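Reviewing the structure listed below.
The values are calculated or read from the model by the stated rules, or taken from the named source; none is laboratory data. If you're wondering where the values come from, they're calculated on a predicted model, not measured in any experiment. Virtual Cβ from ideal backbone geometry, glycine too; neighbours counted across all protein chains shown.
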Amino acid sequence: MTELVIFYSFALILVFAAFRVITAKNPVHAALYLVLSFFTGAVLWMLTKAEFLAVSLIVIYVGAVMVLFLFVVMMLDINFEELRKGFWRYLPVAGTVAVLMAYEMVMVLTHPSAQLRGAAVAEPAAGYNNAKVLGQLIYTQYFLPFQLAAVLLLVGMVAAIALTLRKRKNTKYINPADQIKVKRDERLTIVSVNAEARAVIEPPKPADGEQQA
């Protein structure tokens with residue numbers, strides 16, 4: 001009964017935080033609500049005995065992705081009012097999709113099947129470690145899909161970097177290959193300069209017809 005109360009409490013918080021992510025006018029507030037939704041989602045993962053996924057959700061998304069997103073939002077001068085102009089235009093379509101998803105979830109939860117009604121998380125055996133089991137599955141049974149997903153992520157990263165390296169006019173940049181080929185004699189020149197004699201300042205000579213004081 002206690003776990004059920006905790007589940008519905010955090011589920012309501014998660015729904016509220018997700019709703020505020022798309023309705024908050026301030027992008028920083030929307031990002032903070034997204035962080036709250038990640039934390040509540042991690043609690044739900046903990047209730048289902050998936051500790052590794054819960055910790056990964058906090059470390060990866062909250063500790064890295066959302067921090068980077070907050071830095072980008074606060075450092076770049078982005079006109080978010082311009083980006084939100086089409087919000088109300090697509091609201092009917094988004095509302096329809098949301099209603100359909102909610103209907104499907106209600107149908108699943110209220111299904112008369114005995115398996116769904118009596119479904120419960122089995123208690124793990126003594127010494128069970130879900131991180132170890134997950135690692136064994138990834139590197140044995142699902143090794144090929146895992147490597148394919150890694151290659152797709154690598155291709156996406158390379159594509160994102162390539163898009164930012166497009167040549168633009170009036171842009172100064174340095175070619176690392178040219179820097180490596182440079183030799184010392186091409187950049188450093190030692191010049192021997194003769195020492196000059198110290199200049200002697202002589203008093204001005206009086207003009208013709210003037211007497212010296």
>> Can you report the number of residues in region 153-175 which are assigned to a helix (DSSP H, G or I) and at pLDDT below 80?
In response: 2
> What tally of residues in region 98-118 results from selecting those that are over 23 Å from residue 31 (Cα atoms) and at pLDDT 65 or above?
Replying inline: 14
>> Which of the numbered conditions does residue 49 fail, given that it passes all the others? Conditions: (1) touching a residue at least 60 places away in the same chain (Cβ under 8 Å); (2) part of a helix (DSSP H, G or I).
In response: (2)
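Considering only residues that are more than 20 Å from the chain's Cα centre (by Cα) and either closer than 24 Å to residue 74 by Cβ or in a loop (DSSP other than H, G, I, E, B) (or both), which ones fall in region 25-46? Break it down stepwise before answering.
Within region 25-46, the first condition is being more than 20 Å from the chain's Cα centre (by Cα), and the residues that meet it are 25, 43-46.
Scanning region 25-46 gives a single hit, 25.
Starting from residues that are among the hydroxyl-bearing types (Ser, Thr, Tyr) and within 18 Å of residue 98 (Cα to Cα), keep the ones in region 1-41 and report whichever is surrounded by the most Cβ atoms within 10 Å (Cβ to Cβ).
Looking only at region 1-41, we keep the residues that are among the hydroxyl-bearing types (Ser, Thr, Tyr), and these are 2, 8-9, 23, 33, 37, 40.
Next cut, within 18 Å of residue 98 (Cα to Cα) only: 23, 37.
Values: 23: 11, 37: 21.
The extreme case among them is 37.
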> What number of residues in region 133-146 are farther than 19 Å from residue 50 by Cβ and under 22 Å from the mean Cα position of the chain (by Cα)?
Replying inline: 0
